[in-house]
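Student: Structure incoming, see below.
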Amino acid sequence: MSASRRALFDLAVARADAYARRARVPRASDPAVIARALEAWHLKTRFAARVPLPAVAAALAKRPTGEGWVWQGGPEGGWHPADEHTRSPGATSGPRARRG
């Protein structure tokens, strides 16, 4: 799998995780339950044709509890503790975070 496809998958997992938290989707370890909860999100996103929802749901089912986790490595990847090297450039924490 190319690096760009892995990055796209990682982004899809991050966005799905953010959506699930905002929408207060109950945490589950069953990918099928997660996939059903994210169906509308998946259909509305640009990822729908390129990133399979069952694979995204399987990644979310493995998410550790708590804050500060990021998915890396595409469909075969895993959850890793976030640090300054893995945060996106627009992260909203730290001394240079923008306040609105």
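Student: Might you let me know whether segment 1-23 holds any residue that is touching a helix residue (DSSP H, G or I) at 6+ places or on another chain (Cβ under 8 Å), open to solvent by less than 40 Å² (accessible area, probe 1.4 Å) and not in a helix (DSSP H, G or I)?
Tutor: No, there is no match, as no residue in segment 1-23 is touching a helix residue (DSSP H, G or I) at 6+ places or on another chain (Cβ under 8 Å), open to solvent by less than 40 Å² (accessible area, probe 1.4 Å) and not in a helix (DSSP H, G or I).
Student: Please identify the pairs in which a residue from segment 1-29 that is free of Cβ contacts under 8 Å to residues at least 12 places away in the same chain has its Cβ atom under 6 Å from the Cβ atom of a residue that is open to solvent by 60 Å² or more (accessible area, probe 1.4 Å) and among the small types (Gly, Ala, Ser), counting only partners at least 6 apart or on another chain.
Tutor: none
Student: Another question, then. If you check Arg50 against the conditions, is it among the basic types (Lys, Arg), touching a helix residue (DSSP H, G or I) at 6+ places or on another chain (Cβ under 7 Å), at pLDDT 85 or above and surrounded by 13 or more Cβ atoms within 10 Å (Cβ to Cβ)? Talk me through it step by step, then tell me what you get.
Tutor: Details: among the basic types (Lys, Arg): yes; touching a helix residue (DSSP H, G or I) at 6+ places or on another chain (Cβ under 7 Å): yes; at pLDDT 85 or above: yes; surrounded by 13 or more Cβ atoms within 10 Å (Cβ to Cβ): no.
Considered against the rule, which asks whether it is among the basic types (Lys, Arg), touching a helix residue (DSSP H, G or I) at 6+ places or on another chain (Cβ under 7 Å), at pLDDT 85 or above and surrounded by 13 or more Cβ atoms within 10 Å (Cβ to Cβ), Arg50 comes out as no.
Student: Separate question: Considering segment 35-51 alone, what residues qualify as being assigned to a helix (DSSP H, G or I) and more than 17 Å from Pro75 (Cα to Cα)?
Tutor: First, the residues of segment 35-51 that are assigned to a helix (DSSP H, G or I): 35-44.
Correct list: Arg36, Ala37, Leu38, Glu39, Ala40, Trp41, Leu43, Lys44.
Student: With the checklist (1) touching a helix residue (DSSP H, G or I) at 6+ places or on another chain (Cβ under 6 Å); (2) in a helix (DSSP H, G or I); (3) not acidic (Asp, Glu) in hand, flag the one item Ala28 doesn't pass.
Tutor: (2)
The values are calculated or read from the model by the stated rules, or taken from the named source; none is laboratory data. Fair warning: this is a prediction, and the values are worked out from it, not measured in the lab. Ideal geometry is used to build each Cβ from the backbone, glycine not excepted, and the neighbour counts take in all protein chains shown. Side chains are part of the model used for accessible areas, which takes the heavy atoms of the whole protein and leaves out ligands, DNA and RNA. Shrake-Rupley method; radii C 1.70, N 1.55, O 1.52, S 1.80 Å.
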